[in-house]
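Working notes, structure below.
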Amino acid sequence: MPPWMPQFITSMIVILVVLHMCLGAAAYLILLERKVCAWAQDRIGPNRVGPMGLLQPLADGVKLFFKEEFMPRGVDRVLFIMAPALTVIPAMIGFVVIPWGGFLELGDGQTVAIMGADINIGVVYLIAAASLGVYGVGLGGWASNNKYSFLGGLRASAQMISYEIPMGLALLCVVLTAGTLLPQEIVRQQLDGTWFLIQQPIAAIVFYVCLLAESGRAPFDLAEAEQELIGGWHTEYSSMKWALFFMGEYIHVVVGSAFFATLFLGGWSLNPLTGWDLPQTGGILLMLLQFGIVLGKVFLLVFLTMMVRWTLPRFRFDQLMRLAWEGLIPLSLLILLMTSLFVYLGWTGWLWAGSLGCLALVWLILPFMPGQTSANHKIELIGSRFSPPTDQGRR
């Protein structure tokens with residue numbers, strides 16, 4: 001057997017297992033989202049189709065599959081059909097560089113990595129694959145021949161481009177700290193030391209916020225705001241084309257959560273501080289345990305994403321862009337500068353103190369920064385509780 005064959009077979013098995021897991025998760029995460037929404041609003045949620053409503057995703061899938069396929073007049077047929085695929089395919093190819101486990105021992109000192117592709121630019125590949133999703137959204141909005149869809153596509157494109165900048169800067173903080181682009185090596189350094197969530201808490205928060213924005217999740221779902229854009233870039237879509245957009249969104253959330261767990265939560269690590277932890281190399285039972293731990297962290301992050309949706313109100317578009325360009329980008333640049341200085345001086349064990357120092361610096365200089373008049377002032381309405389009538393108003 002050629003020396004590359006065991007790794008090739010392992011990679012194919014991991015790709016098939018994780019791909020089908022993501023496809024099934026996309027269906028049942030919709031059920032979980034509806035349940036979480038019901039719990040947050042003190043309702044019951046889907047409970048009619050199957051025991052405890054567990055067959056509801058199958059019923060929804062059958063309904064969408066047999067739903068009428070509608071194509072409006074004047075659309076660009078080729079791009080209109082391609083857009084859903086261009087949305088879901090980038091989401092489905094990003095997971096191959098996620099380390100779902102360590103190295104499986106095969107005997108004779110040979111090991112194989114439990115991941116789809118153990119490439120030395122894994123982190124860059126994942127960011128590049130995720131950024132391709134903007135093409136499907138933009139083309140879907142433009143090809144629909146609908147002004148609301150077009151505005152939704154423009155919003156989504158501007159949002160994704162804007163939030164990729166602070167996401168990349170937060171990612172650079174981790175790369176500088178670890179000194180590598182290999183996901184397996186990033187996990188190993190957290191196994192031997194401290195989770196990067198503790199060392200780089202501000203970078204982790206910035207990365208998670210950008211993850212929500214890149215996935216189009218609330219409170220960053222301005223591209224499909226029902227109150228003003230009907231349905232945004234997928235207004236004219238129906239049947240399985242419409243379902244593919246949402247499948248891509250949920251797969252993005254799953255892969256992004258796995259990426260966050262790799263970068264900041266130590267992958268399959270159980271100890272966030274220095275001390276005992278699971279080894280990186282072992283037998284099949286250890287690999288299954290590591291795989292289960294990563295899936296548990298992914299589930300918790302997905303659940304947090306759903307709770308954020310049903311807890312926080314949606315931003316206005318000007319607030320969303322201001323948060324990126326006046327908030328996250330300067331903050332991530334400051335964190336990156338601090339990380340570069342600390343790594344150069346060899347103070348990597350004190351990065352958490354540097355992050356707190358950056359917060360203190362922002363708090364000190366923020367009152368002296370130029371600003372603009374807030375657009376959130378209340379409009380006076382005579383007779384309302386915010387503007388009670390006066391004697392002059394009565395006259």
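The values are calculated or read from the model by the stated rules, or taken from the named source; none is laboratory data. Since the structure is predicted, the reported quantities are computational estimates derived from the model, not experimental observations. Cβ coordinates were reconstructed from backbone atoms using ideal geometry, including for glycine residues, and neighbour counts include every protein chain displayed.
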Across segment 241-293, what is the number of residues that are β-branched (Val, Ile, Thr) and surrounded by 23 or more Cβ atoms within 10 Å (Cβ to Cβ)?
5
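Hey, among Leu54, Leu23, which residue is at pLDDT below 90 and either crowded, with 19+ Cβ neighbours inside 10 Å or over 21 Å from the mean Cα position of the chain (by Cα) (or both)? Walk me through it before giving the result.
Values: Leu23 fails: either crowded, with 19+ Cβ neighbours inside 10 Å or over 21 Å from the mean Cα position of the chain (by Cα) (or both).
Residue meeting the stated conditions: Leu54.
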Looking at Ile335, Ile382, which one is among the β-branched types (Val, Ile, Thr) and modelled with pLDDT under 85?
Ile382
Write out, first by first residue and then by second, each pair whose Cβ atoms fall under 7 Å of each other, whose residues are 6+ apart or on separate chains, and whose first residue, in segment 93-121, is of a type in the set (D, E, K, R) while the second is not in a strand (DSSP E or B).
Glu105/Gly283; Asp118/Gln184
Condition check for Gly116: buried (at least 18 other Cβ atoms within 10 Å of the Cβ) and either in contact with a Lys or Arg (Cβ under 6 Å, 6 or more places away or on another chain) or assigned to a helix (DSSP H, G or I) (or both):
no
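Picking from Gln290, Gln280, which residue would you name as being at pLDDT 90 or above and touching a strand residue (DSSP E or B) at 6+ places or on another chain (Cβ under 9 Å)? It would help to see each step written out before you state the result.
Values: Gln280 fails: at pLDDT 90 or above.
Exactly one of Gln290, Gln280 is at pLDDT 90 or above and touching a strand residue (DSSP E or B) at 6+ places or on another chain (Cβ under 9 Å), namely Gln290.
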Please verify whether Ala129 is small (Gly, Ala, Ser) and either on the phi > 0 side of the Ramachandran plot or in contact with a Gly (Cβ under 7 Å, 6 or more places away or on another chain) (or both), treating the condition exactly as stated.
yes
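Could you please let me know if Leu172 is more than 13 Å from the chain's Cα centre (by Cα) and part of a loop (DSSP other than H, G, I, E, B)? Even if it seems obvious, please write down each step before you answer.
On the way: more than 13 Å from the chain's Cα centre (by Cα): yes; part of a loop (DSSP other than H, G, I, E, B): no.
When the stated conditions are applied, Leu172 does not pass them.
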Quick check on segment 62-80. Is at least one of its residues assigned to a helix (DSSP H, G or I) and of a type in the set (Gly, Ala, Ser)?
no
Within segment 315-356, which residues are of a type in the set (Gly, Ala, Ser) and either surrounded by 13 or more Cβ atoms within 10 Å (Cβ to Cβ) or part of a helix (DSSP H, G or I) (or both)?
Ala324, Gly327, Ser332, Ser340, Gly349, Ala353, Gly354, Ser355
Give the number of residues within segment 64-103 that are in contact with a Pro (Cβ under 9 Å, 6 or more places away or on another chain) and of a type in the set (A, V, I, L, M).
2
State which residue pairs qualify: first residue assigned to a helix (DSSP H, G or I) and inside segment 253-282, second residue at pLDDT 85 or above and hydroxyl-bearing (Ser, Thr, Tyr) in any location, beta carbons under 7 Å apart, and separation of 6 or more residues or different chains.
Val253/Thr305; Phe260/Tyr208
Could you check, for segment 168-175, whether at least one of its residues is β-branched (Val, Ile, Thr), buried (at least 20 other Cβ atoms within 10 Å of the Cβ), more than 24 Å from Leu320 (Cα to Cα) and touching a helix residue (DSSP H, G or I) at 6+ places or on another chain (Cβ under 6 Å)?
yes
When only residues in segment 113-145 that are among the β-branched types (Val, Ile, Thr) and touching a Phe, Trp or Tyr at 6+ places or on another chain (Cβ under 7 Å) count, which is farthest from Leu278 (Cα to Cα)?
Val137
Please work out if Val18 is touching a residue at least 60 places away in the same chain (Cβ under 8 Å), surrounded by 13 or more Cβ atoms within 10 Å (Cβ to Cβ), in a helix (DSSP H, G or I) and in contact with a helix residue (DSSP H, G or I) (Cβ under 9 Å, 6 or more places away or on another chain).
yes
The listed residue being over 30 Å from Ala178 (Cα atoms) and surrounded by fewer than 24 Cβ atoms within 10 Å (Cβ to Cβ), out of Thr194, Thr235
Thr235
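If we scan segment 294-307, do we find a residue that is assigned to a loop (DSSP other than H, G, I, E, B) and in contact with an Asp or Glu (Cβ under 7 Å, 6 or more places away or on another chain)?
Filtering segment 294-307 for residues assigned to a loop (DSSP other than H, G, I, E, B) gives none.
Checking segment 294-307: not a single residue is assigned to a loop (DSSP other than H, G, I, E, B) and in contact with an Asp or Glu (Cβ under 7 Å, 6 or more places away or on another chain).
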Which of the following residues is of a type in the set (D, E, K, R), part of a loop (DSSP other than H, G, I, E, B) and free of Cβ contacts under 8 Å to residues at least 40 places away in the same chain: Arg48, Arg34?
Arg48
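Based on this model, can you work out whether Phe260 counts as closer than 20 Å to Leu182 by Cα and of a type in the set (Phe, Trp, Tyr)? It would help to see each step written out before you state the result.
Working: closer than 20 Å to Leu182 by Cα: yes; of a type in the set (Phe, Trp, Tyr): yes.
Against the criterion (closer than 20 Å to Leu182 by Cα and of a type in the set (Phe, Trp, Tyr)), Phe260 qualifies.
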Mind telling me which of the residues Val187, Val134 ends up being in a helix (DSSP H, G or I), touching a helix residue (DSSP H, G or I) at 6+ places or on another chain (Cβ under 8 Å) and within 20 Å of Ile93 (Cβ to Cβ)?
Val134
Based on this model, can you work out whether Glu228 counts as surrounded by fewer than 21 Cβ atoms within 10 Å (Cβ to Cβ), free of Cβ contacts under 8 Å to residues at least 60 places away in the same chain and over 20 Å from the mean Cα position of the chain (by Cα)?
yes
